[in-house]
Amino acid sequence: ARQTTLDYYAAFVPALKETGVTMCIENLFYGDLKTRSFLPNFCSDAEDLRDIIDTLNGRHGPHFAACLDTGHAVVVQNDPCQMLKILGHRTRVLHLHDNHGTSDEHLIPTRGKLDWREFATTLGEVGYEGTFNFEVFSYFSSLAKGDTYSRETLEQACRLLYLMGRSLADIATAAK
């Protein structure tokens, strides 16, 4: 699995060099349809992800980083805070969402089991300065069905996510 992963990402290197783009590799999982369970795969684990990024960058230059998906970590029983500590400066993008650890629900923060204060504190401790990307489409799809909610209501929903992000960033800044 390791060599296949390295070969796969190495194929992108010429385009990354030409464009100056950094490719972020996300912690994913394997969904077993028969057992309806979520299982870790090669880059679900922070140590494996760190190894892949470091190996690729060592061979090809600094073209790879990590995208830490909080919900994916929780659903395969990984601790996103521990993952942040292991990945450290390699983490450039966050996919922020919550779940209850049994499915990839894409809930807004605080609606699942992740301790968001601890997570934000860890962001500060590792010096994270990248992107916050809320992956909460289940939240918006439920709001956008039909004509139940006005545009103003949807704008307020976006404002709520902004305020959540701002609060997480403030906690992270205080923890530096």
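I'd like the projected area of the stretch 73-117, averaged over all directions, using the convex hull of its alpha carbons. Report it in nm² with one decimal.
3.2
What net charge is computed for the residues neighbouring residue 86, neighbours being all others with C-beta under 12 Å from the C-beta of residue 86, Lys and Arg scored +1, Asp and Glu -1?
Here the count lands on -3.
Put a dot 7 Å past each Cα toward the Cβ at residue 21 and residue 89; how far apart are the dots in nm?
2.5
Going 7 Å from the Cα of residue 30 in the Cα-to-Cβ direction, what parts of the stretch 72-96 have a backbone nitrogen less than 20 Å from that spot?
72-79
Considering the chain as a Gaussian network with a 10 Å cut-off on Cα pairs, which listed residue, 157, 120, 46, attains the greatest mean-square fluctuation?
With Cα springs under 10 Å in the chain, the top fluctuation among 157, 120, 46 is at 157.
Please go through the stretch 18-53 and write out the trypsin sites (Lys or Arg not before Pro) that DSSP classes as loop and that have at most 14 other C-beta atoms within 10 Å.
Here the sparse-neighbourhood loop sites are 34, 36.
Note down the magnitude of the dipole of the stretch 60-173 about its Cα centre, charges +1 on Lys and Arg C-beta and -1 on Asp and Glu C-beta and zero elsewhere, to the nearest 20 debye.
Using Cβ point charges on Lys, Arg, Asp and Glu, the stretch 60-173 gives about 100 debye.
Using just the helices of the chain, give the 222 nm mean residue ellipticity in deg cm²/dmol: DSSP H runs with n ≥ 4 each add -39,500 (n - 2.57), and the total is spread over all residues, rounded to 500.
Result for the chain, helices only: -15000 deg cm²/dmol.
Please report, in debye to the nearest 20, how large the charge dipole of the stretch 1-58 is about its Cα centre when each Lys and Arg carries +1 at its beta carbon and each Asp and Glu carries -1 there.
The dipole of the stretch 1-58 has a size of about 200 debye.
Rounded to the nearest 0.05, what FRET efficiency do residue 145 and residue 102 give with R0 = 30 Å and r taken as the Cβ-Cβ distance? Could you check?
Using R0 = 30 Å, I get an efficiency of 0.80.
Can you find, among 132, 158, 42, the residue farthest towards the positive end of the dipole of the chain? Put +1 on the C-beta of Lys and Arg, -1 on that of Asp and Glu.
It is 158.
Quick one: putting +1 on the C-beta of Lys and Arg, -1 on the C-beta of Asp and Glu, what dipole do you get for the stretch 1-100 around its Cα centre, in Debye to the nearest 20?
Charge dipole of the stretch 1-100: 120 debye, to the nearest 20.
Show me, bin by bin at 5 Å from 0, the whole-percent P(r) of the stretch 45-86 based on Cα pairs.
5, 24, 29, 19, 13, 8, 2
How much length is gained on full extension from residue 118 to residue 166, taking 0.36 nm per residue of separation minus their Cα-Cα distance?
15.8 nm is the gain from fully extending residue 118 to residue 166.
Take every DSSP beta bridge whose two residues both sit in the chain, then give the antiparallel share in percent to the nearest 5.
30
Kindly identify the stretch 14-92 as rounded, prolate or oblate by the Cα gyration tensor criterion: order the square roots of the eigenvalues as a ≥ b ≥ c, call it rounded if a/c is under 1.5, otherwise compare a/b with b/c, prolate if a/b is larger, else oblate.
prolate
Since every read-out is calculated from the coordinates, none of them should be taken as a lab result. Computed from a prediction, not measured in an experiment: that's the story for all the values here. Glycine gets a Cβ as well: all are built from the backbone with ideal geometry, and neighbour counts include every protein chain shown.
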